[in-house]
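The values are calculated or read from the model by the stated rules, or taken from the named source; none is laboratory data. If you're wondering where the values come from, they're calculated on a predicted model, not measured in any experiment. Every residue, glycine as well, gets a Cβ built from its backbone with ideal geometry; the counts of neighbours run over all protein chains shown.
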């Protein structure tokens, strides 16, 4: 058997010399090595090294090398040294940079952030990668690795907010990450005054998939208004976390929400050393950008460094760099517009918390998409006017407290697919692109909606549109066309 396997390996090596990127050949080599009585793993490592010298981007060979390393129990520090040699020989080696992102968290794990590395090693890697992209600014390998270094890791999911509404006898739980919850889940438990309540869970958009927010209807007995107060506690067994809020007599709702600033939801907490290094990198990238004004990787990295340092302080400067980046990379303008929108919404969430307000003004920001709506659960008034929105996402239903929404001067054509907003009373859609009354059909199931402004939309020119809308939306007392 040993001799047969050796002969097969020799045959496969000859095949690889002819076609080193043959998936089938590398896969069959794995099978042979797994069934070989006395496999020579050191020889296989040497073989991988030879093929990677010929083509350092041969990802089939990289996959095989990881297979060999796992079976032969090669130490991660030895593989990191191998990565060092390849990068030293050629900075333009995406596979080697990516390999480092897998090895370093094993060797130098950050105890507080899963999948990240200790600050001492991080600062050394930042210095290494800066040398790489200053050597060849147009190579994307080092820029991608730098972006990984600036990442935040993947913290454990936790409960960010619990909200109870007496009027519609409901409870909402907002998580930091999308989680899956079965309708009659024993992992997400509600206690009312320390007694477990029987509830059924659902997402705001009605889709049975992992979500940031889960809702349930509370038994009416749990909201007895004769009691001075009710304490609601939510326990999420999978994450070993809980959060509670107290509903006092005469109050219509209550909540308990984490701080996005204290929890560093949108950025990492920076030590003095890391802040100093990132500030130095920002200045260096600006110098490089002055020499390479249309280098898209440099422009994007400047934006990400500003976000890491202080998103609010650098807000206006970030927008200027976004304009330069879209000019340098017009093929990705849609992606960049959505990324810009994401950052602007993050900034607005931070400002809302600093102001201790439940009103959010996102007007005149050039938004092309809406995100982070799980952070807007408590918002009562939202202004989205004068943007570039063509539709509303189903996740808008996470805004359980929203009473007034202005979305004038956008590109809205239809509200199809938008789940009911339980508290929405006033909706303004002036100067959009709505052409038919049927595009508004979903508003018929909005329980609190009483005022709708449609002035300036194409459908306003349709004969008899007012009576058609009154028939379609009988509960809306004021419809302006």
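So is residue 146 in contact (Cβ under 8 Å) with a residue 24 or more places away in the chain, more than 26 Å from residue 23 (Cβ to Cβ) and buried (at least 19 other Cβ atoms within 10 Å of the Cβ) or not? Here the answer is yes, as residue 146 does meet what is asked.
With respect to the conditions (1) under 18 Å from residue 205 (Cβ atoms); (2) touching a strand residue (DSSP E or B) at 6+ places or on another chain (Cβ under 8 Å), residue 389 falls short on a single one, namely (2). Flag: residue 128 matches the condition of being outside the structural domain of residue 237 (by the TED database), under 22 Å from residue 78 (Cα atoms), out of contact with any helix residue (DSSP H, G or I) (no Cβ under 6 Å at 6 or more places or on another chain) and in a helix (DSSP H, G or I). Taking strands (runs of 3 or more DSSP E) as the structural unit, those lying wholly within the range 343-459 and holding at least 1 residues that are under 27 Å from the mean Cα position of the chain (by Cα) correspond to 359-361, 381-383, 404-406.
Residues that are within 23 Å of residue 273 (Cβ to Cβ) and modelled with pLDDT of 90 or more: which helices (runs of 4 or more DSSP H) entirely in the range 35-124 hold 3 or more of them? By residue number, 94-107.
Residue 355 passes every criterion in (1) farther than 23 Å from residue 307 by Cα; (2) modelled with pLDDT under 95 apart from (1).
For the range 232-242, filtered to residues that are farther than 16 Å from residue 199 by Cβ and touching a residue at least 12 places away in the same chain (Cβ under 8 Å), the residue that is surrounded by the most Cβ atoms within 10 Å (Cβ to Cβ) is 239. Taking the stated definitions as given, is residue 11 modelled with pLDDT of 90 or more and surrounded by fewer than 15 Cβ atoms within 10 Å (Cβ to Cβ)? Criteria met by residue 11.
If the condition is being assigned to a strand (DSSP E or B), within 18 Å of residue 216 (Cα to Cα) and under 25 Å from the mean Cα position of the chain (by Cα), then the range 232-252 contributes 234, 235, 236, 242, 243.
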